[in-house]
Amino acid sequence: MEWDLSDLYASPEDPRLWQDLERALALAAGLSPEDLLDPRRAEGLFRRYEEALEKAYKPLNYASLYFATRTQDPGAKALLDRVRNRFTEVKNRLVPLEVALRKLPEEVFQRLLAHPGLADLRHFLERQRAYAPHTLSEREEELLNLKALVGRSAWSQFYTEYTGRFRFQVGGKELTEMEVRALRRDPSPEVRREAHRALYGKLLAEAPTLSAVFNAVYLDYLQELRLRGYRHPLEPVALRDEVEVKDIEALLSATESFYPLVERYYRWKAGRLGREKTPSEDLLAPLGEKPKVPFEEAKALVLEAFRRFSPEVARIAREFFEGRWIDVYPRPGKRGGAFCAGGLPSTHPYVLLNHTDDLDSAHTLAHELGHGVHFYLARKQRLLNFGASTPLAETASVFAEILLDDLLLERLSGEEKALLLAERVEDAINTLFRQVMYTFFERKSLEARKETALAPEDFHRVWQEEQRKLYGEAVAWTELDQATWAGIPHFVHYRFYTYSYALGYLVVLALYGKYREEGEAFVPRYLRVLEAGERQSPKEILAEAGVELGSEAFFRYGFGVLESWLGALP
């Protein structure tokens, strides 16, 4: 199944695409910051602001999705470049209004907050106000937007295009990155080792080029920190996610204190493999025969898992298949990985997969459909309240994977059940612990970049240090493993995003615990979390579901669940 993007535009030549961008430019140019001084005029101002954003985001969404399955198509690349340039023009025309909002006199800003017609924008207004100390002049903001086109955005696109051309020879076949990564879970040790050598050998060989990309995006971020007056590299992330730097530090510290769980698990796995240590080539090795899961079977399993939790969630997920909102299989030129593009309140989400007919791909389907359901439900909000804040971004996706596992565990017994439980522990390691390790790597290498550009060997060294901390003495590494960092796109596309997977995972464990305690009565409360979008802060949204984000009990409960899973292994 390939996705059908015609709900957005009929084709790249659809005249509506460029008409929307021109309309966005006209709307953005007509917004007067003076209207902020009168709360009644401000109501209409924000409606027009939203319309400008919508008319700009929709073409960008289409061009990005179109490019995602055609990364080697010059026409797709040219379309994305042209749309991004137009989008930047729109954003620059919105800068005067955004700067004025952030710098309003306090008494004027309070009048906006008190106005009944703006009540549903209270959180949005307060979020904008929080950026005031780090907002530059109109001209400076425009220049930063323009710089991004040849800075982080350009390097991000280059990384996607460059790595998208990588091909790997395994078993006499030429494979894409996602196909060779899937082979790291193959039942055959020889296949896993060949896939490991192909993947990480390529990354090691390409490290000089990829380290240049990392150096460029790191320097871009360091410059922005300085220009905007941030005092801590995590401060922009904390501001974006509506948490404190100390909350992120507490998460990192708490997770690091439980690193011994990872070493304990991989010592157990080494024993199952008949080894003293787990070879790095076998980190993802199946512990038994893993079932083949063709896409249609994966679809049926996920829909059934969703239906048992909530018929409404299953109904929404079914629309993704019926409407062809999913692109399923890997093919040359298609970007690797998987994602859900949330769209807009007036459109619908799209999901990209690289399904390889195994259980991991079934989990990926559940994960991305969880995102899709989240965005679908958040469409009840207006555009300025739409989406999912970073601490809640993985709430539905990881929850969906656990629902799938619950279904599978009920259908299995004995050894098969133990193996799936081990899969759940490995998922926790990869979603929680490894993401924290990534954050430590990013923070340490970014700090080193302040002094000078880093050589590939510098990145290798930092990566190996953090890897040893996480796995202790339980894993036997190869020389090729030192280049793993080069194949993690989050380090290029985002700054410190990976910690949010860990936070999101702990949020999910807390919500899942509530579900186990309360049963069906919890479901409406959970769905309200998804429907809330960004209308309130993450802490306020979770509090309504009975979860206190970042509390001592929050961490204790989450890691307690993980310990219970590990303790249940034979």
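Summary of computed values
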| quantity | calculated |
| --- | --- |
| Pairs where the first residue, in the range 314-338, is at positive phi and touching a residue at least 40 places away in the same chain (Cβ under 8 Å) and the second is open to solvent by 10 Å² or more (accessible area, probe 1.4 Å) and of a type in the set (D, E, K, R), C-beta under 7 Å, 6+ apart | R324/D4; G333/R70; G333/D73 |
| Those residues of the range 374-397 which are open to solvent by less than 10 Å² (accessible area, probe 1.4 Å), more than 21 Å from Y49 (Cα to Cα) and outside any helix (DSSP H, G or I), in sequence order | E394 |
| Filter result (closer than 19 Å to L419 by Cα and either open to solvent by 70 Å² or more (accessible area, probe 1.4 Å) or modelled with pLDDT under 95 (or both)) within the range 244-267 | R264, R267 |
| Residues (under 13 Å from H460 (Cβ atoms) and either among the aliphatic types (A, V, I, L, M) or outside any helix (DSSP H, G or I) (or both)) located in the range 192-204 | L203, L204 |
| Test: residue in the range 351-367 that is farther than 29 Å from L60 by Cβ, outside any loop (DSSP other than H, G, I, E, B) and charged (D, E, K, R) | yes |
| Residues located in the range 327-348, provided they are under 23 Å from T390 (Cα atoms), of a type in the set (A, V, I, L, M, F, W, C) and open to solvent by less than 30 Å² (accessible area, probe 1.4 Å) | C340, A341, L344 |
| Cross-chain or 6+ apart pairs with Cβ under 6 Å, the range 185-212 first and under 27 Å from S156 (Cβ atoms) and open to solvent by less than 50 Å² (accessible area, probe 1.4 Å), then aromatic (F, W, Y) and assigned to a helix (DSSP H, G or I) | S211/F459 |
| Test: A285 is open to solvent by less than 40 Å² (accessible area, probe 1.4 Å) and under 22 Å from E179 (Cα atoms) | yes |
| Count - residues of the range 508-524 that are of a type in the set (V, I, T) and within 16 Å of R424 (Cα to Cα) | 1 |
| Residue match in the range 491-499 (condition: on the phi > 0 side of the Ramachandran plot, hydrophobic (A, V, I, L, M, F, W, C), open to solvent by less than 50 Å² (accessible area, probe 1.4 Å) and at pLDDT below 95) | yes |
| Single residue of the range 514-565 satisfying the filter (part of a helix (DSSP H, G or I), touching a Phe, Trp or Tyr at 6+ places or on another chain (Cβ under 6 Å) and open to solvent by less than 40 Å² (accessible area, probe 1.4 Å)) that is modelled with the highest pLDDT | F522 |
| Filter result for the condition that a residue is out of contact with any Cys (no Cβ under 9 Å at 6 or more places or on another chain), free of Cβ contacts under 8 Å to residues at least 60 places away in the same chain and part of a helix (DSSP H, G or I), over E423, E447, E451, E401 | E401 |
| Single unsatisfied condition, A148 versus (1) more than 30 Å from V243 (Cα to Cα); (2) crowded, with 17+ Cβ neighbours inside 10 Å | (1) |
| Pair list, Cβ < 8 Å and 6+ apart or interchain, from the range 356-378 residues that are on the phi > 0 side of the Ramachandran plot to residues that are among the hydrophobic types (A, V, I, L, M, F, W, C) and surrounded by fewer than 24 Cβ atoms within 10 Å (Cβ to Cβ) | D357/V293; D357/F295 |
| One residue from R41, R47, R16 being over 21 Å from Q157 (Cα atoms), open to solvent by 30 Å² or more (accessible area, probe 1.4 Å) and within 29 Å of the chain's Cα centre (by Cα) | R47 |
| Answer from A418, A483 - the residue that is open to solvent by less than 10 Å² (accessible area, probe 1.4 Å) and assigned to a helix (DSSP H, G or I) | A483 |
| Boolean, H371 is modelled with pLDDT of 95 or more and either buried (at least 20 other Cβ atoms within 10 Å of the Cβ) or not in a helix (DSSP H, G or I) (or both) | yes |
| Residue check, E465 open to solvent by 10 Å² or more (accessible area, probe 1.4 Å) and assigned to a loop (DSSP other than H, G, I, E, B) | no |
| Single condition A130 does not satisfy, out of (1) open to solvent by less than 60 Å² (accessible area, probe 1.4 Å); (2) modelled with pLDDT of 95 or more; (3) of a type in the set (A, V, I, L, M) | (2) |
| Selected residue (only one of Y62, Y9 is in a helix (DSSP H, G or I), touching a residue at least 40 places away in the same chain (Cβ under 8 Å) and surrounded by 20 or more Cβ atoms within 10 Å (Cβ to Cβ)) | Y62 |
| The lone exception for E140 - which of (1) open to solvent by 40 Å² or more (accessible area, probe 1.4 Å); (2) out of contact with any Phe, Trp or Tyr (no Cβ under 9 Å at 6 or more places or on another chain); (3) without any contact (Cβ under 8 Å) to a residue 60 or more places away in the chain it fails | (3) |
| Residue within the range 109-123 that is buried (at least 18 other Cβ atoms within 10 Å of the Cβ), farther than 23 Å from R240 by Cβ and in contact with a helix residue (DSSP H, G or I) (Cβ under 9 Å, 6 or more places away or on another chain) present | no |
| Subset of the range 19-38 (residues that are farther than 23 Å from Q128 by Cβ and either surrounded by 15 or more Cβ atoms within 10 Å (Cβ to Cβ) or touching a helix residue (DSSP H, G or I) at 6+ places or on another chain (Cβ under 7 Å) (or both)) | D20, L21, R23 |
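Every residue, every condition in (1) closer than 30 Å to L301 by Cβ; (2) open to solvent by less than 10 Å² (accessible area, probe 1.4 Å); (3) at pLDDT below 95, yes or no:
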| residue | (1), (2), (3) |
| --- | --- |
| A400 | yes, yes, no |
| L408 | yes, no, yes |
| T439 | no, yes, no |
| E451 | no, no, yes |
| D458 | no, no, no |
| R461 | no, no, no |
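The values are calculated or read from the model by the stated rules, or taken from the named source; none is laboratory data. Everything quoted here is computed from the prediction, not taken from an experiment. Here the Cβ is made from the backbone with ideal geometry for all residues, glycine too, and neighbour counts use every protein chain on show. The area values use the complete protein model at the heavy-atom level, side chains included, leaving out ligands, DNA and RNA. Shrake-Rupley method; radii C 1.70, N 1.55, O 1.52, S 1.80 Å.
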